[in-house]
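This report concerns only the one structure given below.
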2 protein chains.
Amino acid sequence: MDVTEYMKSLGGNARKASRAVARASTQDKNAALLAIADAITAQRDTLKAANQRDMQRGRDNGLDAALLDRLELTDDRIDTMIEGLHQVAALPDPVGEITDLKYRPSGIQVGKMRVPLGVIGIIYESRPNVTIEAASLCLKSGNAAILRGGSEAIEANQALAVCITQGLAAAGLPAAAVQVVETTDRAAVGELITMPEYVDVIVPRGGKGLIERISRDAKVTVIKHLDGICHVYIDQFADKTKAINIAINAKTHRYGTCNTMETLLVHQAVAAEILPQLASAYADIGVELRGCEATRAILSDALVASEEDWHSEYLAPILSIKLVDDMDQAIEHINHYGSHHTDSIISENYTLARRFLTEVDSSSVMINASTRFADGFEYGLGAEIGISTDKIHARGPVGLDGLTSQKYVVLGNGEVRN
Amino acid sequence: MDVTEYMKSLGGNARKASRAVARASTQDKNAALLAIADAITAQRDTLKAANQRDMQRGRDNGLDAALLDRLELTDDRIDTMIEGLHQVAALPDPVGEITDLKYRPSGIQVGKMRVPLGVIGIIYESRPNVTIEAASLCLKSGNAAILRGGSEAIEANQALAVCITQGLAAAGLPAAAVQVVETTDRAAVGELITMPEYVDVIVPRGGKGLIERISRDAKVTVIKHLDGICHVYIDQFADKTKAINIAINAKTHRYGTCNTMETLLVHQAVAAEILPQLASAYADIGVELRGCEATRAILSDALVASEEDWHSEYLAPILSIKLVDDMDQAIEHINHYGSHHTDSIISENYTLARRFLTEVDSSSVMINASTRFADGFEYGLGAEIGISTDKIHARGPVGLDGLTSQKYVVLGNGEVRN
């Protein structure tokens, strides 16, 4: 197979299909989503068998346990995919929404209409459920999608592609509205990210290395975050109970997520009061603490935090702790070492909290809330294709709106320009 | 001078300054804008002398009359720059605006806060007034700017840079908030568009060739339109008076603007009635007509339109005319030959007009209004840095909002995630 030719043909088909999907009625798009869900239900055994072949090949190739876990399509995960399709069908259609329609002095009425982006390329690793998640969000937002999953999941992804094709056909939508790349050749990724004539935006999901490579080489906009080095700052005027609850939740609710706190900043004036109690709670849960010198003066059991620690996304039961003299130092630390993902201040002081909200340059900035809330569902977007730490096009959790743009509409009554 | 080193130093300075501008109060930003206006007023003679040196060099180098005209800083144009600075100062500050703040079931309140993009690179040709226009919009939207004007205008641009620096200093803002590139070396553009570590977005203003080159080579998002091939479609159900007024205005109000109509599409059922009257009006004004075969059957004086004509942005008193069998054919023509800039239908039919609005894939789509309205001022944006025909980040006229992004803000009361 000539990968360049193959990807260009997917691209051309996607571009053509994107016009039909952009025009498709809400009813047809929802019908397709529900028909995909039905096809998955009907082909549950086929899907599991395909996944078992992936799993076997993975074991033969010595994949590690974490990867095998992500690869597996359990009945629970299949149920979640089916439920997800129903949820996306139930979301309001973003396409065609007209907002801000206002009369201008010339007599024309000017507003904005939400329109699909066109063709979206999604590149992800070995979780086959992402295939359905990405397909459903692109379809609902009126975009054509080209999906490139990890080669470890190729059999399951191809089986899911069959369900998607059947669902699209049932609703009378073109098959090329969602295409799953059939080849495991890595060159396919290189092609996908360098065909601006066919692909409008790339959403990569996966490890930092993959995303860095894609961002560097892509010829179109990439909606992405590289890592989540999130902070909680316990201010001098923090409510102690809120501070402790949030610091525990932000670190220990889940270790492997991008909105998990990795560094705790504490105002030096309250550290002696709060840190011992926090440390004892972390010790009970089994979180390893690494502190700056001032922290270790209070918590003698904490390990030494190096410069490297402030840059680290542990994704593990490890927390770095730093004492700061004031909020300015906290903000400076966050803007310098953080990844512009999610950062929270715990404070009852109005002026400080307001300044933190304004001056921290992150995609989510919080007051008295756990960083774990940074998520499309928790924010009410209904779903999420990813989180962007960039500022171009989308910032923060990206839902259906983030996969659209807005064109201007002008309603006139024969007006001409003077 | 080592251009790479020089541009990287501008970039580093801009990145640093961007943090200060992002934080700057509305009052300080406005004070800077008004102080720049005062400096221009005080240095009017110096500016005109610098411009005269540019003009002399231009004449010596054989620049054509149109270019020399754009290059000239007349008293009128200086007045317009000063007025523009006052207008931008009077616009509402987009930065910090919080919208959509809503309670979620978890108890947290989630909203969006408007934030600057960071550093904006502007590349333009030989109109020195763009220096002030671009500087003022970037500054008001809280961004740092690096401005690269055409080498023909270097003396005037350097003189304007002095005014900008004085204005920034008067308001206590860093000098690097707005930097005007001092070298005329073309390599400076290549550097500016390939330093994503320092520059977040590029806005090119100029000819199609320049913009194509920049888009191809840039390593950051480019907000741009390549050309304006705008259409008016006179539908079967058009009001004849509106149709004629708009078709005349859209073509003849100004020939050189990107929102000028270049192709007129007419439903075959009304062509015989409308075209002769239109043709006579165009003839009075001196517009050359080029038609398809069916058009020429009605307008025997019209020249033959070739395939090339449907692709042409004339920017001149020339109009191509094509008859269509129905609206579908009109939409197909527009989406195929147009430049996704601005297209208008003239119709009294609700269902057809509504479909046109939805299905035409352009940054501005109009009903019964002249394409000449596609403009930041006419749309109520207060100002415009350019018009985008892309869908990523911004589409249509780009005002202050288009130079910003939105971060999520979360206001809590100690909530943790379950």
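The values are calculated or read from the model by the stated rules, or taken from the named source; none is laboratory data. In this text, all values refer to a predicted model and were calculated from it rather than measured experimentally. Reconstructed Cβ throughout: ideal geometry from the backbone, glycine too, with neighbour counts over all protein chains shown. Remember, those area values only see protein heavy atoms, side chains included, never the ligands or the DNA or RNA. Shrake-Rupley method; radii C 1.70, N 1.55, O 1.52, S 1.80 Å.
Selection over segment A:217-235 of residues that are within 30 Å of residue A:314 (Cβ to Cβ), among the charged types (D, E, K, R) and open to solvent by 40 Å² or more (accessible area, probe 1.4 Å) gives a count of 1. Here residue A:125 passes the criteria (1) modelled with pLDDT of 95 or more; (2) in contact with a Lys or Arg (Cβ under 9 Å, 6 or more places away or on another chain) except the one numbered (1). The set of residues in segment A:399-418 that are open to solvent by 30 Å² or more (accessible area, probe 1.4 Å) and facing chain B (nearest Cβ under 7 Å) comprises A:406, A:411, A:413, A:415, A:416, A:417. When each of A:17, A:50 is tested for being crowded, with 17+ Cβ neighbours inside 10 Å, modelled with pLDDT of 95 or more and either within 26 Å of the chain's Cα centre (by Cα) or within 14 Å of chain B (Cβ to nearest Cβ) (or both), the lone residue that passes is A:17. Only a single item in (1) in contact (Cβ under 8 Å) with a residue 24 or more places away in the chain; (2) more than 20 Å from the chain's Cα centre (by Cα) is not met by residue B:118, and it is number (2).
Residue A:385 meets each of the listed conditions (1) crowded, with 22+ Cβ neighbours inside 10 Å; (2) closer than 18 Å to residue B:114 by Cα apart from (2). For segment B:380-398, the criterion of being part of a helix (DSSP H, G or I) and in contact (Cβ under 8 Å) with a residue 12 or more places away in the chain is met by none of the residues. Residue B:247 passes every criterion in (1) within 11 Å of another protein chain (Cβ to nearest Cβ); (2) among the small types (Gly, Ala, Ser); (3) open to solvent by 10 Å² or more (accessible area, probe 1.4 Å) apart from (3). Of everything listed in (1) of a type outside the set (Ser, Thr, Tyr); (2) more than 11 Å from chain A (Cβ to nearest Cβ); (3) open to solvent by 10 Å² or more (accessible area, probe 1.4 Å), the single unmet condition for residue B:115 is (2). Evaluation of residue A:396 against the conditions (1) at the interface with chain B (Cβ under 8 Å from one of its Cβ atoms); (2) over 25 Å from the mean Cα position of the chain (by Cα) shows that the sole unmet condition is (2).
Looking at residue B:96, is it within 14 Å of another protein chain (Cβ to nearest Cβ) and in contact with an Asp or Glu (Cβ under 8 Å, 6 or more places away or on another chain)? For residue B:96, the condition - within 14 Å of another protein chain (Cβ to nearest Cβ) and in contact with an Asp or Glu (Cβ under 8 Å, 6 or more places away or on another chain) - is not met.
The residue of segment A:20-47 that is nearest to residue A:158 (Cα to Cα), among those that are open to solvent by less than 80 Å² (accessible area, probe 1.4 Å) and among the charged types (D, E, K, R), is A:44. Filtering segment A:361-382 to residues that are of a type in the set (A, V, I, L, M, F, W, C) and within 9 Å of chain B (Cβ to nearest Cβ) leaves A:365, A:366, A:367, A:369, A:373, A:374.
Quick grid of which residues meet (1) in contact with a Lys or Arg (Cβ under 6 Å, 6 or more places away or on another chain); (2) open to solvent by less than 20 Å² (accessible area, probe 1.4 Å):
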| position | (1), (2) |
| --- | --- |
| B:171 | no, yes |
| B:182 | no, no |
| B:197 | no, no |
| B:204 | yes, yes |
| B:243 | no, yes |
| B:255 | no, no |
| B:276 | no, no |
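With the structure loaded, tell me whether residue B:214 is touching a residue at least 60 places away in the same chain (Cβ under 8 Å), more than 10 Å from every other protein chain (Cβ to nearest Cβ), open to solvent by less than 30 Å² (accessible area, probe 1.4 Å) and outside any strand (DSSP E or B) or whether it fails that test. It is true that residue B:214 is touching a residue at least 60 places away in the same chain (Cβ under 8 Å), more than 10 Å from every other protein chain (Cβ to nearest Cβ), open to solvent by less than 30 Å² (accessible area, probe 1.4 Å) and outside any strand (DSSP E or B). Annotation note: of A:316, A:330, the sole residue that is surrounded by 22 or more Cβ atoms within 10 Å (Cβ to Cβ), away from chain B (no Cβ under 14 Å), of a type in the set (A, V, I, L, M) and in contact with a Phe, Trp or Tyr (Cβ under 6 Å, 6 or more places away or on another chain) is A:330. Note on segment B:35-74: residues that are part of a helix (DSSP H, G or I) and more than 29 Å from residue B:172 (Cα to Cα) amount to 16.
Residue pairs whose Cβ atoms lie under 9 Å apart, sitting 6 or more positions apart in sequence or on different chains, and linking a residue in segment A:343-370 that is open to solvent by 20 Å² or more (accessible area, probe 1.4 Å) to a partner that is among the aromatic types (Phe, Trp, Tyr), are A:348/A:237; A:349/A:237; A:352/A:237; A:367/A:356.
For segment A:348-360, taking the residues that are part of a helix (DSSP H, G or I) and of a type in the set (S, T, N, Q), the one that is farthest from the other protein chains (Cβ to nearest Cβ) is identified as A:351.
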